[in-house]
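Asks: Dropping the structure in here first, questions after.
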Amino acid sequence: MTEAGFTQAGLAEAVNARLRDAGHEGTVSERTVRYWLTGKTLCPYPRQREALEAVFGCTAADLGFTPPRGRGDPATSTEDSVRRRHFLTTTAGTGAAVAPLLARPGVGTSDVIKLQKDLDTMMFLDQRQGGNGSLERRAMSGAGTALELQKRGATQRIRQRLYGVAAGYLATAAWSAIDDRCLDRAQQHLDQALNLAGLANDSSTEFQLWNLRAMLARQRCQYPLAVDAAYAAQSTSVARRDPFFGSLAHARIAVGHSYLGDRKTATRYLGHAEEAFSKIDPPLPRPAWSGFYSGAELYSIGTVVHDRVGDPVTAEAYGHRALASLPEQFRRNRALATTEVALTQLHQKDVDQACSTASEVFALMSGQHLPGRLRSRLGDYYRDLITLAPTNVTAREWGDRYRAEWSRA
């Protein structure tokens, strides 16, 4: 029940829906479920047991019950065998037989869990590989599977959860496209995903999508839209009740205002983000996609915010704290944070040090694909470099290496 997100009332409703679909009366109450949980009822009645097995997609024994043996044992009783066939081949309100459900099985919690596990695996791959076309296509395929299963969902709750999983897959596709700088495709994925998240009534997925929309708008230089999307993320219920998401929303608002040149508001919201982050309760379960947000990520955001509002010294300090907090294996994140530090040093007119720092990015990503977002940020660094130090020898040497690395990537 915990894994599937069922309350006692919710499970009772799901089992009754199965019973009614089979032409029986829905007789399961919260008290019934409570008796199952406490062991007062060692095993549900046959019809209830069959409906319960259909909801979870596994046997009563797998759920911890001890089915009765001897007379009335469904494994040996002809009568119960007939009842089982009747359960699988009748519909409410008619006595007419339909195609057996085993030929087109209903979709239950086990299907949702399977899809969610695959989505969580994709989060792991993204952390290791970054956004790419292959990951995006896999996410799109997962969304299609979830939407197809949604048409056969056993209950409204299952159908809602499948909408949420489909939205999660599309969010992953959108993020992969953002990281690969395929911004038009990212926009299409987000537009569809937001509709599905609304149907799912899934606050954490809605937050994820508004967060991504804020990032996408910033990359498209649509800074007012980036701020509005970040405020939309802040207004979700999950951001109001969990300081983890509240902190991320504040941080995204800070970034948006920094790009608008609003120093006061940007630094204030960065402070709100840091304050909320200090109140996070780590043991709380959170979706896999949110694993990217950590102290290191908050420091990296602080680097961007302070650099954009004209305080590169403070920005560099934030950048070094980010690098000190990042695990060594997260090469892509370290490369992005290193690029941000190089930008802060460049904006302090320390060209030689900035070029030395920026060169570390190529060493970090040696032999690995450069995601579009990293390539774009390196391009920002190069443009600032030739603007601020067009005749500097070190700058020219770095530019030569940059063009060589770009062509190889």
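Each value in this text was obtained by applying a stated rule to the coordinates, not by laboratory testing. The structure displayed is predicted, hence computed values, not measured ones. With ideal geometry, Cβ positions are generated from the backbone for all residues, glycine too; neighbour counts draw on all protein chains shown.
Asks: On C-alpha positions alone, give me the angle between the axis of helix 133-150 and the longest principal axis of the chain, in degrees, nearest 10.
Replies: 30
Asks: If you average 1/r across every pair of different Cα atoms in region 169-267 and take the reciprocal, what Kirkwood value do you get, in Å?
Replies: 13.3
Asks: When only DSSP loop residues count, what trypsin sites (Lys or Arg not before Pro) in region 280-366 have their Cβ near at most 11 other Cβ atoms within 10 Å?
Replies: Hits after loop and neighbour filter: K349.
Asks: Under 18 Å between alpha carbons, and skipping anything fewer than 8 positions from K151 in its own chain: which lysines qualify?
Replies: The reachable lysines, counting only those whose Cα sits under 18 Å from K151, are K114.
Asks: Place the peptides 31-43, 279-291 in order of packing, highest mean first, counting for every residue the other Cβ atoms within 10 Å and averaging per peptide.
Replies: 31-43, 279-291
Asks: Hey, if you put +1 on the Cβ of every Lys and Arg and -1 on every Asp and Glu Cβ in the chain, which of H24, T344, G319 ends up farthest toward the positive end of that dipole?
Replies: So the residue furthest toward the plus end is H24.
Asks: If we sort 372-382, 248-258 on the protection proxy, mean other Cβ atoms within 10 Å, highest first, what's the order?
Replies: 248-258, 372-382
Asks: Note down the magnitude of the dipole of the chain about its Cα centre, charges +1 on Lys and Arg C-beta and -1 on Asp and Glu C-beta and zero elsewhere, to the nearest 20 debye.
Replies: Its charge dipole is roughly 880 debye.
Asks: In nm, to one decimal, how far is the modelled label at S356 from the one at S278, with both set 7 Å along Cα→Cβ?
Replies: Taking the two extended label points, one gets 3.5 nm.
Asks: I would also like to ask the following. If you fit an axis through the alpha-carbon atoms of helix 156-179 and take the longest principal axis of the Cα set of the chain, what angle between them do you get, 0 to 90°, nearest 10?
Replies: 20
Asks: Can you tell me which of 180-187, 140-147 comes out highest on packing, and rank the rest after it, using the mean Cβ neighbours within 10 Å?
Replies: Put in order of decreasing packing, that is 140-147, 180-187.
Asks: With contacts defined as alpha carbon pairs under 8 Å and 6 or more residues apart, what's the relative contact order of the chain in percent?
Replies: Across the chain, relative contact order equals 9 percent.
Asks: What dipole magnitude, in Debye to the nearest 20, does region 19-58 give about its Cα centre under +1 on Lys/Arg Cβ and -1 on Asp/Glu Cβ?
Replies: 200
Asks: Taking the chain as the region of interest, what is the percent of Cα-Cα pairs per 10 angstrom bin, listed from the shortest bin to the one with the maximum distance?
Replies: Distribution as computed: 5, 19, 25, 19, 13, 10, 6, 3, 1, 0 percent.
Asks: A further question follows. Measure nothing fancy, just the Cα-based angle from helix 393-408's long axis to the longest principal axis of the chain, in degrees from 0 to 90, nearest 10.
Replies: On a 0 to 90 degree scale, this one is about 30.
Asks: In nanometres, what is the gap between the two model label sites at N392 and S325, each 7 Å from Cα along Cα-to-Cβ?
Replies: 2.8
Asks: Order these by the 10 Å Cβ neighbour count, fewest first: D350, D400.
Replies: Starting with the residue having the fewest Cβ neighbours, the order is D400, D350.
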